[in-house]
1. Considering only the stretch 119-136, state which residues are within 16 Å of the ligand (Cβ to nearest atom) and either surrounded by fewer than 18 Cβ atoms within 10 Å (Cβ to Cβ) or in a loop (DSSP other than H, G, I, E, B) (or both).
2. Sort out which residues of the stretch 77-89 are part of a helix (DSSP H, G or I) and either within 16 Å of the ligand (Cβ to nearest atom) or over 14 Å from residue 232 (Cα atoms) (or both), and write them in order of number.
3. Name the one entry in 136, 114 that is under 17 Å from the mean Cα position of the chain (by Cα) and under 27 Å from residue 172 (Cβ atoms).
4. Within the stretch 333-352, does at least one residue satisfy the condition of being crowded, with 20+ Cβ neighbours inside 10 Å, at pLDDT 95 or above and farther than 24 Å from residue 118 by Cα?
5. Check 274, 256 and return the single one that is more than 24 Å from residue 160 (Cβ to Cβ), buried (at least 18 other Cβ atoms within 10 Å of the Cβ), away from the ligand (no atom under 14 Å from the Cβ) and modelled with pLDDT of 95 or more.
6. I'd like to verify a number: residues in the stretch 23-59 that are in a loop (DSSP other than H, G, I, E, B) and either more than 16 Å from the ligand (Cβ to nearest atom) or without any contact (Cβ under 8 Å) to a residue 12 or more places away in the chain (or both), how many?
7. Criterion first (assigned to a loop (DSSP other than H, G, I, E, B) and within 16 Å of the ligand (Cβ to nearest atom)) does residue 146 satisfy it?
8. Which residue is nearest to the ligand (Cβ to nearest atom), if the candidates are limited to the stretch 164-189 and must be over 25 Å from residue 370 (Cα atoms) and either in contact (Cβ under 8 Å) with a residue 60 or more places away in the chain or not in a helix (DSSP H, G or I) (or both)?
Ligand code: PLP
């Protein structure tokens, strides 16, 4: 109707207009309404200034960046100047690996990472290989854990950086980072960690983890897509990926995405006081989901560590069934789930992470990842058990 305002958008999966069950919070999370409200001023005529401009309009935008940076620095327990904003987790991972390795060639040309990192790290490491750098990809055990001893064994005098993720996005396994950090530092190298999956669920501070560089992404914590941050310990030289203006203390050229960064800051501010209680709630729901599934579905088997895993992550296999068929059946029944691994042109590749854990073929082919979040309810969990049990039974009958 001309002149009428558009109907308000209803956010979240917990609303009567959207009866689907969303269990893919590791892929992305819905924007919190409060976060959207915090972004609004910078998307309208009132707060559109360029934060690099010296006039009042620019300085208003600059204050939004300062506020967000302050919130992130407070959350991580680091200095304000050690946070750079980026376009997301992928850019932060690229900037950490490429930036440190290129800027510190006189220190050495060896990078250590693991076989189970997110593609934003592994593909960047592969790119660095093409530039002549030496990369070690550490194996993991059957639970997806990187042994600190394997890090110690791989370190050489040439090692500049070690990149080990805080927790894995597919199986949720949490790494013994502090122990790894001490080993890395004893050999004079630096530790980068991708904390994209943990920041919303676990305490993440620079001191506790011992990281020298750390990656965050806003859209995994109910913030907007296209915003992230990289913590770089003061004193570590880093070559920027993007050259141009002097934004972000010369570490990342380009006018900042002010609205998204303001939203990122607000998402973090809202998260911190709620994080522990929400993690406990999700652990309870995750455990209820697992006991329901293991009671109802014969042969279902957990992937990843039984206890040392993210509170919201359940990754399991239904040997004999096919992950893609399971996912499509779940989707048709109104459940958004994931196999955890990349989907290439509509077909699911066997997961790199589960392969590195040495799982047999039948488990690789039938792995599902269900990840819970703020909108997940007990009722949804019970409904999911029912739905998946029925799908598994039907598919087993068809097969036999
Ligand atoms: N690192 C991890 C562990 C992730 O799970 C993701 C997203 O799935 C990324 C990095 C990439 O983050 P973004 O989507 O913000 O680029």
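The values are calculated or read from the model by the stated rules, or taken from the named source; none is laboratory data. Only a predicted model underlies this, so the values are computations on that prediction, with no experimental measurement involved. Here the Cβ is made from the backbone with ideal geometry for all residues, glycine too, and neighbour counts use every protein chain on show.
1. 119, 123, 126, 127
2. 89
3. On inspection, the qualifying residue turns out to be 114.
4. Checked against the condition, which is being crowded, with 20+ Cβ neighbours inside 10 Å, at pLDDT 95 or above and farther than 24 Å from residue 118 by Cα, the stretch 333-352 yields at least one hit.
5. Going through 274, 256 in turn, just one is more than 24 Å from residue 160 (Cβ to Cβ), buried (at least 18 other Cβ atoms within 10 Å of the Cβ), away from the ligand (no atom under 14 Å from the Cβ) and modelled with pLDDT of 95 or more: 256.
6. The number of residues fulfilling the criteria is 13.
7. Spelling it out, residue 146 is indeed assigned to a loop (DSSP other than H, G, I, E, B) and within 16 Å of the ligand (Cβ to nearest atom).
8. 189
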